Amino acid sequence: MSDQGDHPLPIHDPDADPWKMTEAEPATIVGLWPGDEPPTRTEVLAGLAGSAGFDESSVEELQPQDSMLWAFTQNDVLPNGLIIWAEPAQNVGPEDVPDPEFLQNKWILGASTILPPDASYETMVGLVRLLAGSFPDVPAIIDTNTGMWILRADLDELFLADQPCPPEDLLWRVHVVSTVESIEEADQLWLYTTGLHRCWRPELELIGIPGPLLQPGLELIGGIASRILLDPLPEPGKVEKIGHEIDVCFQPWQVIADSLEGNQLGTEEDRANFNGGSPLEGVRAVICDPVPTGVYRKSWTWPKLALERIDRGEGAVYMTEHATQLLSRLAQQTWYRFATAFINMRDWIASRNQRNEDQPEVIFLVKAAFDTDTAEHREHLWFQIDAVEGDHASGVLLHSPLSVKSVQENSRARLDLPQVTDWRVWLGGVPYSPSSAKAMMHAVDRIREQPDE
């Protein structure tokens, strides 16, 4: 299938602003078309006709490119218009699809637009809703900018709900590069994002972090990605407080690559040979420790103190209000699954305990918002849950609050659903969150179906 997002990377203009974007990649998705026959222009227009803002009278024909069957543009339904086309699906292997059934789909329907810099999330959600809502038999959609799959169940639950709540990281994906097979044992990792260029934002990188700090690295880079959707990056080298006791700075990738040794990841040679021939260049910001090393020549390294604080639970990246609202909405919409999983696992564990049988580690956590002395600020606290009843849960606070006076570490509290802003479930060492609630329920079923010993 043609990759409509494979365009030249945005231009880096160091004389004006190292983070300035002069052009953005198109945001492109493709839906797997059901059936053996290719999608016709007529039936696609009929499907789109029910979408708000779609007017067939403003459709303009385009000259099909490469293997496209047909293509047209429509300029009203999204802020910057969109292009719709159809073409044959690529031949891929079972390892390239989340469901082997998708190998039977012979055709794809594509949609592409330019995201506005001040409404990237809303427009991306609108693009997915347009394709998913107009064609309910499409089993999955692929985000070609990031390679992420969105399955029909998630399309229906997250995108087509009355209040859509896909997580903000819909806009980007974090890739991890290692020189060894076991990432946890790697002495250096290279993390980089894809997807932010289409939002008119620099892609982000972490270079050289050790394998054991992968999870805090993912938390850090994801938190910063969310923040820069609203606020611009500071000038290179300027210390930025992005969380409680979390300070970093940013440098253009060229500055970092110039100081790397040949055996370190992220060199210019690495970048030239990456991503299927599309070099990892353009406008990219490397997250660094705010204090450089070196006496005669400054050397910017990965943010060791910040990652170690996050790893120890002593710091976290400040969440934007937008990200908090989205996560809260998703956590509350999937609460029924959290509660069902808790009750099912509680009963299953109790039955095994009666028989003195071992069971996998099962932990249920809830993050809840509490008011502070500052009216406009709420603090979000994690509790380990030991009771769930309807829209309420009870548990023990896992850490000391910074501002909240009503609860203390290890104290119990009753939490109401409107307070819930996030949750986690650990089943046998595997974490699940609101965005993986369906997978969690399948995992619960698999555990409960294990034969008695």
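Laboratory data are not the source of any read-out in this text; all were calculated from the coordinates shown. Please read all numbers here as calculations on a predicted model, not as lab measurements. Don't worry about glycine lacking a Cβ; one is built from the backbone with ideal geometry, like all the others, and counts go over all protein chains shown.
For the peptides 410-417, 120-127, 342-349, residues were scored by their other Cβ atoms within 10 Å and the scores averaged per peptide; the highest-first order is 120-127, 342-349, 410-417. Membrane-span-like helices in the chain, defined purely by DSSP H runs whose alpha carbon atoms cover 20 Å or more axially and whose average Kyte-Doolittle hydropathy reaches 0.5, are 120-134, 214-228. In this structure, the residue pairs whose Cα-Cα separation is over 26 Å, taken from LYS238/LYS405; LYS20/LYS238; LYS241/LYS298, are LYS238/LYS405. Remark: VAL295, VAL30, VAL180, VAL362 ranked as VAL295, VAL180, VAL362, VAL30, counting other beta-carbon atoms within 10 Å and listing the fewest first.
Exposure proxy shown here: for VAL255, VAL291, the number of other Cβ atoms within 10 Å sets the order, fewest to most, as VAL291, VAL255.
Taking Cβ atoms as reference points and 12 Å as the exclusive limit, the residues near PHE383 contribute a net charge of +1, counting Lys and Arg as +1 and Asp and Glu as -1. For Rg and Dmax of the Cα atoms in Å, the value computed from the atomic coordinates appears in the list (1) 27.1, 90; (2) 23.8, 72; (3) 28.7, 84 under label (2). Grab the other residues whose beta carbon is less than 14 angstrom from that of GLU308, score K and R as +1, D and E as -1, and report the net. Computed value for this residue: -3.
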